[in-house]
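A.B. asks: Here it is, the structure, as structure tokens.
The values are calculated or read from the model by the stated rules, or taken from the named source; none is laboratory data. Everything numeric in this text was worked out from a predicted model, so none of it was measured. Cβ placement follows ideal geometry from the backbone for every residue including glycine, while neighbour counts extend to all protein chains displayed. We work out accessible area using only protein heavy atoms, side chains counted, and drop any ligands, DNA or RNA first. Shrake-Rupley method; radii C 1.70, N 1.55, O 1.52, S 1.80 Å.
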Amino acid sequence: MQNKAMLIGAVGAGKSTLTNALLDKQTDAVKTQALVYNDWIVDTPGEYTENPLFYKNIMATALEVTHIFYLQDATNSKTIFPPGFSSGIPKLPIGVVTKSDHPDADVERAVRMLQDVIHRGPIVITSSVAGTGINHLKELIKINNMAELQKYVTEASDEQLKFIGSNSL
Ligand SMILES: Nc1nc2c(ncn2[C@@H]2O[C@H](COP(=O)(O)OP(=O)(O)OP(=O)(O)O)[C@@H](O)[C@H]2O)c(=O)[nH]1
Ligand SMILES: [Mg+2]
């Protein structure tokens, strides 16, 4: 199977805008109404993550991908992910902070919220507008195990890229 990522996160978190940035598409994102398959990315409607009635759709679609990108909007003081959400999905988790360019962004807050969602894994601080962190995501998707993900983060030695849960298994 070609490595693929499913993007999940709240309505308006920036999933479709990030999809466009990752695939070098210049178009503006419109409201996502259903699952959208595009090259190596599965973009989801925010409602899938916000409404537990859709969790079964997330679980079913996760079977088709190798990685899950958990998006947290840096301008949002709330997270819609239940604590430990990623532990129920047996795919490589990558935390993505979005909108780091925004004047209202609080990146540290977003990282803390993602730490409760993903107990172990990389967190990438991104801006689809400024192009921040996009290349890291393009590299991380090629990596197939947690040890190599950690190695990539360590070797990149970039403020925009963190690895959480280093001491736990
Ligand atoms: N400043 C800034 N705004 C962004 C960024 N990414 C997305 N946005 C804005 O956030 C809004 C929502 O973006 P979308 O990509 O449509 O969000 P989504 O997660 O796909 O939303 P749903 O499809 O409804 O689940 C749009 O107005 C985007 O322009 C970013 O990196 N920086
Ligand atoms: Mg969308």
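A.B. asks: Looking only at residues that are assigned to a loop (DSSP other than H, G, I, E, B) and under 17 Å from Thr79 (Cβ atoms) in the range 11-25, which one is most open to solvent (accessible area, probe 1.4 Å)? Working first, answer last.
C.D. replies: Here is the first cut: in the range 11-25, the residues assigned to a loop (DSSP other than H, G, I, E, B) are 11-14, 23-25.
Filter once more, keeping what is under 17 Å from Thr79 (Cβ atoms): 11-14.
Values: Val11: 68, Gly12: 50, Ala13: 3, Gly14: 15 Å².
That would be Val11.
Matching residues to (1) within 16 Å of ligand 2 (Cβ to nearest atom); (2) within 25 Å of Arg109 (Cβ to Cβ); (3) crowded, with 17+ Cβ neighbours inside 10 Å; (4) β-branched (Val, Ile, Thr):
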| residue | (1), (2), (3), (4) |
| --- | --- |
| Thr27 | yes, no, no, yes |
| Val30 | yes, no, no, yes |
| Tyr37 | yes, no, no, no |
| Tyr48 | yes, yes, yes, no |
| Asn51 | yes, yes, no, no |
| Ala60 | no, no, no, no |
| Phe69 | yes, yes, yes, no |
| Ser77 | no, yes, no, no |
| Ile80 | yes, yes, yes, yes |
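A.B. asks: Which residues, taken from the range 98-134, are farther than 20 Å from Thr79 by Cβ and surrounded by fewer than 14 Cβ atoms within 10 Å (Cβ to Cβ)?
C.D. replies: Pro103, Ala130, Gly131 - these are the residues of the range 98-134 that are farther than 20 Å from Thr79 by Cβ and surrounded by fewer than 14 Cβ atoms within 10 Å (Cβ to Cβ).
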